[in-house]
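The values are calculated or read from the model by the stated rules, or taken from the named source; none is laboratory data. The model shown is predicted, which means the values in this text are computed figures rather than measured ones. Every residue, glycine as well, gets a Cβ built from its backbone with ideal geometry; the counts of neighbours run over all protein chains shown. These area figures cover heavy atoms from the full protein model, side chains too; ligands, DNA and RNA do not enter into them. Shrake-Rupley method; radii C 1.70, N 1.55, O 1.52, S 1.80 Å.
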Amino acid sequence: MARRKTIWRFLRLPLTVLAILVAIPLVLTPVYLVVQPVSVPMLTRMLTGQPVTRTWRDIDAVSDRLKAAVILSEDGQFCRHWGIDVAALRQEVDNYLSGREARGASTLTMQVARNLFLWNGQSPVRKALEVPLAAYIDLVMPKKRIMEIYLNIAEWGPDGEFGIAAGSARAFGREPQNLDWPTASLLAVTLPNPIVRNPARPNAGLLRVAGIVADRARQYGDRAACVGRDGRLAL
């Protein structure tokens with residue numbers, strides 16, 4: 001009995017911390033159905049005195065071209081999967097176990113999970129946590145709300161510009177509903193590295209990738225219809 005009490009005394013604090021960490025996304029995800037969330041990177045910048053620029057935009061006030069370009073660039077199966085691209089994730093695990101270079105495999109939902117509840121930086125632990133979080137987010141939230149949150153918390157510039165409104169204003173001086181194919185696709189391909197990539201001054205490589213994304217979004221834009229008004233995109 002005494003030994004059990006001693007073990008419990010040592011485990012009580014870490015188990016309590018673990019329970020709190022598990023409870024945070026379980027509680028906040030339903031809340032974020034109606035509340036505008038702040039991401040971990042945004043909160044980190046706020047707490048360290050760095051500037052944060054974010055103006056929330058309703059998803060129907062964002063260009064359908066931008067939505068299609070982001071989905072076809074970042075997660076072509078977004079409207080079809082349950083938060084996790086199983087085939088891509090399986091390939092990622094195989095690469096890791098074989099010592100090959102990791103390629104990502106993060107869906108938009110997994111990126112939302114990471115930005116809302118986890119940390120940046122390559123880590124198998126973080127990736128393992130993203131999977132159940134993404135599945136839970138997809139279970140609780142409709143696709144359109146997941147995309148709305150993504151577009152409003154994604155980092156879109158090097159000086160604390162978060163969300164498509166801040167990113168579009170910084171790069172092109174435009175509201176996010178007024179994007180044509182060149183500006184929409186350039187903003188979409190900026191997302192993997194907004195600190196280095198500048199859609200306002202794209203180099204030849206960025207222009208080439210943006211052109212590929214724009215062509216793909218024009219051709220397969222119906223794959224992103226789940227985030228459009230009444231299930232349709234005006235491309």
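Give the residues of region 32-78 that are part of a helix (DSSP H, G or I), open to solvent by 70 Å² or more (accessible area, probe 1.4 Å) and in contact (Cβ under 8 Å) with a residue 12 or more places away in the chain, sorted by residue number.
R65
For region 145-200, enumerate the residues that are open to solvent by 10 Å² or more (accessible area, probe 1.4 Å), touching a helix residue (DSSP H, G or I) at 6+ places or on another chain (Cβ under 7 Å), farther than 15 Å from G211 by Cα and part of a helix (DSSP H, G or I).
E148, A171, F172
Please state which one of L129, L66, L118 is modelled with pLDDT of 95 or more and within 23 Å of V38 (Cβ to Cβ).
The unique qualifying residue is L66.
Go through (1) within 14 Å of A69 (Cβ to Cβ); (2) open to solvent by 80 Å² or more (accessible area, probe 1.4 Å); (3) in contact with an Asp or Glu (Cβ under 9 Å, 6 or more places away or on another chain); (4) of a type outside the set (D, E, K, R) one by one and return the number of the condition Q219 breaks.
(3)
Kindly indicate whether any position in region 129-137 is under 21 Å from A234 (Cβ atoms) and of a type in the set (F, W, Y). Spell out the reasoning first.
Taking region 129-137 and keeping what is under 21 Å from A234 (Cβ atoms), we get none.
No, every residue in region 129-137 fails to be under 21 Å from A234 (Cβ atoms) and of a type in the set (F, W, Y).
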